[in-house]
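Student: Take this structure first; my questions come after.
Derivation of every value follows stated rules applied to the coordinates shown; laboratory data play no part. These numbers were taken from a predicted model, which means no experiment stands behind them. Here Cβ is always computed from backbone atoms with ideal geometry, including for glycine, and neighbour counts include all displayed protein chains.
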Amino acid sequence: QSFKLLGFLDVKKVPCARESVLYGSLGSLVMGLGHFLATSRVRRSCDVAVGGFICTMLGYWVYCRYNLAQQRIRQRMLKEGMQNRILFEGSYLDPGKEQTGSERSDS
Amino acid sequence: MANHAQFGFQDASSPIMEELVQFHDHAMMTALAICSLVLYLLTLMLTEKLSSNTVNAQEIELVWTILPAIVLIMLALPSLQILYMMDEINEPDLTLKAIGHQWYWSYEYTDFKDLTFDSYMTPTADLPLGHFRLLEVDHRVVVPMESPIRVIVTADDVLHSWAVPSLGVKTDAIPGRLNQTSFTANRPGVFYGQCSEICGANHSFMPIVVESAPLANFENWSSLLLSQ
């Protein structure tokens, strides 16, 4: 099942979307309420709340997607490393194989 | 293939399609932020009195110039990255020619020996139980998985388009012209597509089926076809 915000953003399926919207809402509440408590201006506090929602949501989104991209790169490197290990196991390219013959330094 | 009433992308089967899906998510989140702002401003305008005593609009003009510029940069940078990624020069392991006809595709594997076959849609009356209507073909395009494949697309008569959404590939087939695209299927599977350029009465009935398989299976398949 999917839950689409405004009909197009599926927060259940898209990675980082749910956390971005939730943190955005929290940031909006904190900033709007904080501004109101400090200034008692309703209209301006609503503006700050909406601005806070957008900034917090996009800020967490960029941070989370950056980490996700790095994780995916590491996963690809791991996968390639595992494939190469299987491919080179037992051959002279095997990194786990002990050095023998003229390459030994204690002769 | 797509599920019934599917609205979003199919699962990605190539690195480029994965990147496109990620970019689409990023664009939708940016759209959500913009729509939230617009909805809020709309609500304000509908609830406020219609009056304006603004004589100097320098600040608002600065805001509504800089903010859209930031949004455009946020969208343009990943978009251009993917665009250039799609055009990277890689060394394909296999070259496949796809030729569009009215109303079927023909494929040629001519790297080693001349393997040529036609790919017609399986009529619904002949479809085995459980197979997909208007998507199955008599001869699938088999490619080795996790290998860069170059596809040269052209047409014999009218405009066609060779498209496989799951691989992130769509290339126009133009008579007298060779268009090139490439993909890497990063998992084994069967990927469906349909002709994407109107080409006559049976435009909807000339599907494309790409089957990616381990290299050994691909070699067996090509040997079998060559021997026939």
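Student: Tell me what the protein assembly as shown gives for mean residue ellipticity at 222 nm when only DSSP H runs of n ≥ 4 count, each as -39,500 (n - 2.57), the sum divided by the residue total, rounded to 500 deg cm²/dmol.
Tutor: Helices in the protein assembly as shown give a 222 nm mean residue ellipticity of -15500 deg cm²/dmol.
Student: Now, a different point. Please find the FRET efficiency linking B:N56 to B:I82, where r is the Cβ-Cβ separation and R0 is fixed at 45 Å, and quote it to the nearest 0.05.
Tutor: The value I calculate is 0.60.
Student: Over chain B, what portion of Cα pair distances is larger than 34 Å, expressed as a whole percent?
Tutor: Distances greater than 34 Å cover 32 percent of the Cα pairs.
Student: If you wrap the range B:1-70's Cα atoms in a convex hull and average its projection over all directions, what's the area in nm²?
Tutor: With every direction weighted equally, the projected area is 7.8 nm².
Student: Let me ask you something else. Apply 1/(1 + (r/R0)^6) to the Cβ-Cβ distance of B:K97 and B:V63, taking R0 = 45 Å, and write down the FRET efficiency to the nearest 0.05.
Tutor: In this case the efficiency is close to 0.25.
Student: Let me ask something additional. Give me the one-decimal nm value for the distance between modelled label points at B:K113 and B:N3, 7 Å along each residue's Cα-to-Cβ direction.
Tutor: 4.3
Student: Hey, another quick one. Can you tell me which of A:65-74, A:15-24 comes out highest on packing, and rank the rest after it, using the mean Cβ neighbours within 10 Å?
Tutor: A:15-24, A:65-74
Student: Let me confirm one metric for peptide B:96-106, namely the mean number of other chain beta-carbon atoms within 10 Å of its residues' beta-carbons.
Tutor: 0
Student: With a length cut of 27 Å (Cα positions projected on each helix's long axis) and a Kyte-Doolittle mean of at least 0.5, go through chain B and give me the DSSP H helices that pass.
Tutor: B:15-47, B:58-86
Student: If I model a spin label as a point 7 Å beyond the Cα along the Cα-Cβ vector, how far apart are those points for A:L29 and B:L127 in nm?
Tutor: Output for this residue pair reads 5.0 nm.
Student: Can you work out the base-10 log of I(q)/I(0) for the protein assembly as shown at q = 0.07, 0.13 1/Å, using the Debye formula on its C-alpha atoms alone?
Tutor: Here the Debye-derived log intensity ratios amount to -0.47, -1.08.
Student: Order B:54-64, B:89-99 from most to least packed using the mean count of other Cβ atoms within 10 Å.
Tutor: B:89-99, B:54-64
Student: Once you measure Cβ to Cβ distances between cysteines in chain A, which Cys have no partner under 4.7 Å?
Tutor: Cysteines lacking a close Cβ partner in chain A: A:C46, A:C55.
Student: Report the label-to-label distance for A:N84 and A:T39 in nanometres (one decimal), using points 7 Å from each Cα along the Cα→Cβ vector.
Tutor: 5.6
Student: Using R₀ = 22 Å, calculate the FRET efficiency as 1/(1 + (r/R₀)^6) where r is the Cβ-Cβ separation of B:I73 and A:R72; round to 0.05.
Tutor: FRET efficiency, B:I73 to A:R72: 0.45.
Student: To continue, here is another question. Dividing the Cα radius of gyration by the Kirkwood radius, what Rg/Rh value follows for the range A:15-84?
Tutor: 1.33
Student: Under 26 Å between C-alpha atoms is the cut-off here; go through the protein assembly as shown and count lysine pairs that meet it, provided they're at least eight residues apart or on different chains.
Tutor: 7
Student: If you don't mind, another one. Tell me, rounded to the nearest percent, the portion of alpha carbon pairs in the range B:94-227 spaced more than 17 Å apart.
Tutor: For the range B:94-227, the fraction of Cα-Cα distances above 17 Å is 56 percent.
Student: Mean shadow of the range B:54-96, computed from the convex hull of its alpha carbons, in nm²?
Tutor: Quarter of the Cα hull surface area: 4.5 nm².
Student: Here is a follow-up. With all distinct Cα pairs included, what does the Kirkwood hydrodynamic radius of the range B:30-76 come out to in Å, to one decimal, could you say?
Tutor: The answer is 12.6 Å.
Student: Rounded to the nearest 10 degrees, what's the angle between the helix A:42-88 long axis and the longest principal axis of chain A, both from Cα atoms, 0 to 90?
Tutor: 10
Student: Averaged over B:25-36, how many beta carbons belonging to a partner chain fall within 10 Å of each residue's beta carbon?
Tutor: Mean partner-chain Cβ count within 10 Å for B:25-36: 6.
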